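Asker: Handing you a structure now.
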Amino acid sequence: MGEGSTSGPPIPAFLELDHVFEALAHKRRRYLLYSLSADKEWTLWELAEKVAAWERDVDETALSEEAIERVYVSLQHSHVPMLVENEIVEIEEDAERVRPGPNADRVLSILENAGGSDDTLQEAHARGDRNAELTGR
Amino acid sequence: MTDAPHDGDDGPRRTAEPAIDQPATQDGEWTQVAQRPNEPDEADGLTTTIVSAVADAEGVSPREVKRPPLYDVVDTAALERAFFQSETDTGDVRCLTEFEYRDYRVVVRSDGWVLVYERVDR
């Protein structure tokens, strides 16, 4: 604790369940959460590629730039700001890097108990690329 | 950029051309500079449509429209639910939301059109 806080209204130290469930109530946000880990910072564009590849069920190399851009815009203008506001993710503005925030673990642990076969597949997809990254794809 | 026809009795069909020359708020003269139809079947379609329409007005690609995040200006999720996902048949009802974003006046209509206006300097 003790990290400098961003400007804005005071953020509750404990994320209330209403906010947790609101954060979880969108597939793209859940996919973002599954992608995040302590070891890697993703850029917004990289995350958009991953989400777009998952949603279209294709390899990232098969995506058009326009398709990625549409997801990128929705992350930048809708989902990431919401997750930042709830301290579930943090973003470094200029580099557009996204990393887990203080409330990420709590939200992820609630997700684990929620279940859902579609989310299990989504989680595997989100984390699979990270493993490939570590083994030097 | 097409000329907007005068408002008539066109139904709220998505394929109808936008028919509003001026935004609703009467605080000066505005000219329409961009328009896009919403994509209701796409996830976050309205957010992307609004940003893309503003990008059209600015002559840049949507990814270059960054500040402020639309999230800070308008609740697009609520608009999507109210305008495009309501179970009530809104065929005879017209809703309209208007806000300012990056010096533009943006109008979101329940018939699916997003219109962008620029202030006319005098």
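Asker: Arranged by the count of other C-beta atoms within 10 angstrom, fewest first, what order do B:30, A:45 take?
Answerer: A:45, B:30
Asker: Considering only C-alpha atoms, what is the centroid distance from the stretch B:67-87 to the stretch A:35-97, in Å?
Answerer: Here the answer is 19 Å between Cα centres.
Asker: If r is the Cβ-Cβ distance from residue A:112 to residue B:39 and R0 is 41 Å, what FRET efficiency results, to the nearest 0.05?
Answerer: After rounding, the FRET efficiency stands at 0.80.
Asker: Okay, moving on. Using amide H atoms built 1.01 Å from N in the peptide plane, name the residues 5+ places from residue B:95, or on other chains, whose amide H lies under 5 Å from its own.
Answerer: B:110, B:111
Asker: Could I ask something else about it? Just flag the GluC sites (Glu not before Pro) in the stretch B:33-122 sitting in loop per DSSP whose Cβ has no more than 16 other Cβ atoms within 10 Å.
Answerer: Passing sites in the stretch B:33-122 are B:42, B:87.
Asker: GluC sites (Glu not before Pro), restricted to the stretch A:15-78: which are DSSP loop and have at most 10 other Cβ atoms within 10 Å?
Answerer: Passing sites in the stretch A:15-78 are A:16.
Asker: Quick one: Karplus J couplings for the stretch B:102-118, per residue in order, coefficients 6.51, -1.76, 1.60, θ = phi - 60°, nearest Hz, x for Gly and Pro?
Answerer: Here the 3J(HN,Hα) series is 6, 6, 9, 9, 10, 10, 10, 10, 6, 8, x, 7, 10, 10, 10, 10, 10 Hz.
Values quoted throughout were computed directly from the atomic coordinates according to the rules given, and no laboratory measurement underlies them. Note that the structure is a prediction, hence the values are computed from the model and not measured. Note that we place each Cβ from the backbone using ideal geometry, even for glycine, and neighbour counts take in every protein chain shown.
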